[in-house]
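The numbers here are math on the coordinates, done by the rules we state, and not lab data. These numbers were taken from a predicted model, which means no experiment stands behind them. Counting neighbours? That spans all protein chains shown, and the Cβs are built from the backbone with ideal geometry, glycine included.
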Amino acid sequence: MRRILQDIAAAFQFLTRLPLYWLTYEPDALPRAAKYFPLVGLAVGAVAAGLYCLLSKHLPIAVIALLIVLLSTLLTGGLHEDGLADAADAFGGAWNRQRVLEIMKDSRIGSFGALALIFSVGGRVLLLAQLPVGSIVYYVISAEVLCRWAMLPLGVVLPGAGEQGSQGARIARRVSGISLAVGTTISFAAVGFMLRESAFWPIAAASSVTLLSGLYYKHRIGGITGDCFGATSQVTLLAVYICGVWRG
C-alpha cells in the first residue's frame, strides 16, 4: 500500500504543480507511476468540473470555458502546452532528425509553436463552450483522463529519441505491459462510467490519435521525447471534445 501511494504521489508530482513538498520526488519511479497518470487526469478533470458547477449559474458558458482551460493549465504548470509548442516548432521547422531534436530542446518559442498554442487553447475554449450543457462535466473529466492515458501506449512501444536522463527517456519503452493494463482499466472504466453508451467514440478518438502520433514520431525521429508526450496529450484532449460536440 505504501508503494502504491508513493507511485500515485510521483504521478501527481510529475504531471501537476500541486504543492506536495513533503514528498521526495523520485524520477526513477516514473515508469512504475505511469499507470496512475489517468488518476491525475481524473483529479484535474474533477476540479475543472467543480469550477463549472460553481459558476454555471452566474457566468456565460464561454467565460466558464476560458476559466476551465486556465485552471487546468495552472494545475499542470503548462507542462503539456510546453510540449505541444516545442514539438510543433521542431516538426514544423525541420525535416532532419537531428535538427528536429535540436529545435525541440530550444526553450524559445517559434511561429509554429505559437500557432499550435493558439489553436490548442482557442480550440478547447470554443469546443467546451459548444458542448451540451448536460454533458460538460462528463466530457471535461473524460478528456483529462484520456489525454493522460495516451502517454501509456507510447511509453510501452516507443524508445526514447532524446537525451538520456530526460523526462521522456525515463518513460520511453520503460512502461510495462502491466502498467498499461492497469492504466487502461482505470481510464476506460472512468470514461465508461461518465459517458455510458457514448464512451466508445472518445475512446476510439484517443486511441486513434495515440496510434497515428506514435507512427509519426517513429517515422520522423525514431522514437519519442517528453515534448512528444505532451503534444499527443493536447491533441487527444481536443479530439475528445470534438466527439462531445459532434454527438451533441
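Suppose the chain between Val182 and Ser208 were pulled fully straight at 0.36 nm per residue; how much longer would it get relative to their current alpha carbon spacing? Present the calculation step by step, with values, prior to reporting the outcome.
Working: separation 26, 0.36 × 26 = 9.36 nm, distance 1.97 nm.
My answer for the length gained is 7.4 nm.
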Practice prompt. With a point put 7 Å past each Cα toward its Cβ, work out how far Ile4 is from Val133 in nm, to one decimal.
Written response: 4.0 nm
Worksheet item: Per-residue ellipticity at 222 nm for the chain, helices alone: DSSP H runs ≥ 4 residues times -39500 (n - 2.57), over residue total, nearest 500 deg cm²/dmol?
Response: -24500 deg cm²/dmol
Worksheet item: How many angstrom lie between the C-alpha centres of the range 1-80 and the range 180-248?
Response: 17 Å
Item to complete: Give me Trp246, Trp95, Trp149 ranked fewest to most by other Cβ atoms within 10 Å of their Cβ, as a rough exposure proxy.
Response: Trp95, Trp246, Trp149
Worksheet item: For the range 37-247, what relative contact order do you get, as a whole percent, if you take Cα pairs closer than 8 Å and at least 6 residues apart?
Response: 31 percent
Response to the item:
For Ile224, the residues 5 or more places away or on another chain with a placed amide H closer than 5 Å to its own amide H are Gly160, Ala161, Gly162
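Loop only by DSSP, 12 or fewer other Cβ within 10 Å of the Cβ. Give me the trypsin sites (Lys or Arg not before Pro) in the range 1-108 that pass, ordered by residue number. Spell out each step's value before the answer.
Values: sites: Arg2, Arg3, Arg17, Arg32, Lys35, Lys57, Arg97, Arg99, Lys105, Arg108; in loops: Arg17, Lys57, Arg108.
Qualifying residues, ordered by number: Lys57, Arg108.
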Discussion item. Pairwise over distinct Cα atoms, reciprocal of the mean inverse distance: report the Kirkwood radius of the range 37-247 in Å, one decimal place.
Written reply: 17.2 Å
